[in-house]
Amino acid sequence: MTDKPIVQISYQDQDHKGRYVARIEGIADEGELTISKVSDALIIADHTYVPDAMRGTGAASALVNRLIEDARAKGQRIVPLCPFVRAQSQRHPEWSDVIQN
């Protein structure tokens with residue numbers, strides 16, 4: 001059994017938008033999860049993308065987990081317009097404190 005690579009997640013703030021970036025050592029490509037900020041208390045998860053080189057590494061899940069952690073820490077609610085974030089939120093009822101359906 002091989003270990004999954006370590007996924008590093010960073011956040012880039014862009015005014016009314018934001019972007020979580022996933023990087024893995026040895027892979028030039030990066031994954032991302034983009035958000036739109038409606039207010040200080042409400043954000044929209046717009047889009048998640050992971051390149052083929054990162055598929056199966058857990059990068060997409062790591063992006064969503066970081067989004068959830070940050071939303072909890074800031075007291076925000078998330079509207080999951082992104083199909084991946086929506087699917088993950090349906091698998092994790094414990095996220096109901098931050099997911100707005």
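None of the figures in this text is laboratory data; all of them are computed from the coordinates on show. It should be emphasised that the depicted structure is a prediction, and the values quoted were computed from it without experimental measurement. Positions of Cβ are backbone-derived with ideal geometry, glycine not excepted, and every protein chain shown enters the neighbour counts.
Some notes on this structure:
- Number of the exception - Ile44 against (1) part of a helix (DSSP H, G or I); (2) of a type in the set (A, V, I, L, M, F, W, C); (3) without any contact (Cβ under 8 Å) to a residue 40 or more places away in the chain; (4) within 19 Å of Arg86 (Cβ to Cβ): (1)
- Positions within segment 15-41 being polar (S, T, N, Q) and assigned to a strand (DSSP E or B), in sequence order: Thr34, Ser36
- Residues located in segment 47-68, provided they are in a strand (DSSP E or B) and free of Cβ contacts under 8 Å to residues at least 24 places away in the same chain: Tyr49
- Any chance Glu94 is farther than 22 Å from Asp3 by Cα, of a type outside the set (S, T, N, Q), in a helix (DSSP H, G or I) and over 13 Å from the mean Cα position of the chain (by Cα): yes
- Contact annotation: residue pairs with Cβ atoms under 6 Å, 6 or more positions apart or on different chains, pairing a residue in segment 1-25 that is more than 16 Å from Thr48 (Cβ to Cβ) with a partner that is assigned to a strand (DSSP E or B), are Pro5/Ile24; Gln8/Arg23; His16/Lys37.
- Scanning segment 1-22 for residues that are basic (Lys, Arg) and farther than 20 Å from Cys82 by Cα yields a single hit, Lys4.
- So Ile24, is it closer than 18 Å to Asn101 by Cα and surrounded by 17 or more Cβ atoms within 10 Å (Cβ to Cβ): no
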